[in-house]
Amino acid sequence: MTRHQKRLAVPNSWPVERKTQTFTVKAGAGPHGEAGVPLVVLLRDVLGYVDSTKEARYALNNDSVLVNGDAVSDEQRPIGMFDILAFPVRGEFFRVFPDEGGRLALTPVDEESASSRLGKVTNKTVVPGGDAQLTLHDGTNVRVDAGTEYDTKDSIVIDNESKDVVAHFEYEEGALVTATTGQHAGRIGEIETIDVTLGSGSNTVVVDDGEDRYETVEEYVVVIDENFTDDEDATAESDDADEAGEDDE
């Protein structure tokens, strides 16, 4: 199988320029399915930390890049929604978050925020022994006690070191959500109403982001924590501080 694919054919979520070159790296097998972006694309095309795939392999072989707390050696490893990308030597940490148009973007976070990651529950089954198994949006399976009240469409937070569930956010009216795809991708707000559609059609939600209201199908939204908005505020404050410093010079 080829290790490359045409840029014009990559998913809309990939943060790459489509007309500058013909080919880009093909994502390997792993989490997030076809929507996953190869790690080398983020290192080379987005962050600019390496100039080539060869340099990316060298950096990864030195365990200098962590994904969700684990060292990664495969430059084609798919990276997707809510993954945590860490560079301990640099002291830099990023969360993958949806941007306008559905493209994935890297949002800077602090080390504490980078110690855990969010996952949307897409399936729940009972496994031998009576426990429940939760399947997350990236394909990860998490085993929990049968008595715990997790449901599909809820979100959970997993500690990157212990792999334990450390927080739970229910999918309900009033919950804070972000749209991950569609024309409202990247917008954060509270669910105002959940409208159940009879038959095989998708349920819809109305979300109020404080300035406007929008309607989308419920599969497009993910329940998040208010810390996600804090990260954006912290990034904006950092940018403002940098600009002020430049003005002083």
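The values are calculated or read from the model by the stated rules, or taken from the named source; none is laboratory data. Note that the coordinates shown come from a computational prediction; the quantities given were computed from them, not determined experimentally. Glycine gets a Cβ as well: all are built from the backbone with ideal geometry, and neighbour counts include every protein chain shown. Heavy atoms of the whole protein, side chains included, go into the accessibility calculation; ligands, DNA and RNA do not. Shrake-Rupley method; radii C 1.70, N 1.55, O 1.52, S 1.80 Å.
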Per-residue HN-Hα couplings for the stretch 113-119 [Karplus 6.51, -1.76, 1.60; θ = phi - 60°; Hz; x = Gly/Pro]:
5, 7, 7, 8, 9, 9, x
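Given a Förster radius of 22 Å and the C-beta distance between Asp110 and Glu190 as r, what FRET efficiency does 1/(1 + (r/R0)^6) yield to the nearest 0.05?
Plugging the Cβ-Cβ distance into 1/(1 + (r/R0)^6) gives 0.35.
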Extending each Cα 7 Å along its Cβ direction at Asp51 and Ala146, get the distance between those two points in nm, one decimal.
6.0
Could you list which residues have their amide H under 5 Å from that of Ala185, counting only those 5 or more apart in sequence or on another chain, with H placed in the peptide plane?
Gly101, Gly102
Would you list Ser116, Ser202, Ser155, Ser73 from the most to the least accessible area, probe 1.4 Å?
Ser73, Ser202, Ser116, Ser155
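What does the extension gain come out to for Glu173 and Arg90, with contour length at 0.36 nm per residue minus their alpha carbon separation?
Numbers: separation 83, 0.36 × 83 = 29.88 nm, distance 4.03 nm.
My answer for the length gained is 25.8 nm.
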Heads up, the stretch 175-226 by the C-alpha gyration tensor (a ≥ b ≥ c square roots of eigenvalues; a/c under 1.5 rounded, else a/b over b/c prolate, else oblate) looks prolate
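Find out how many positive minus negative residues lie around Asp63, taking Lys and Arg as positive, Asp and Glu as negative, among other residues whose Cβ is under 13 Å from that of Asp63. Present the calculation step by step, with values, prior to reporting the outcome.
On the way: positive: Arg57; negative: Asp70, Asp74.
Every neighbour counted, the sum reads -1.
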Label the stretch 133-172 by shape, choosing from rounded, prolate and oblate, from the square roots a ≥ b ≥ c of the eigenvalues of the Cα gyration tensor; if a/c is under 1.5 it is rounded, and otherwise prolate applies when a/b is larger than b/c, oblate when it is not.
rounded
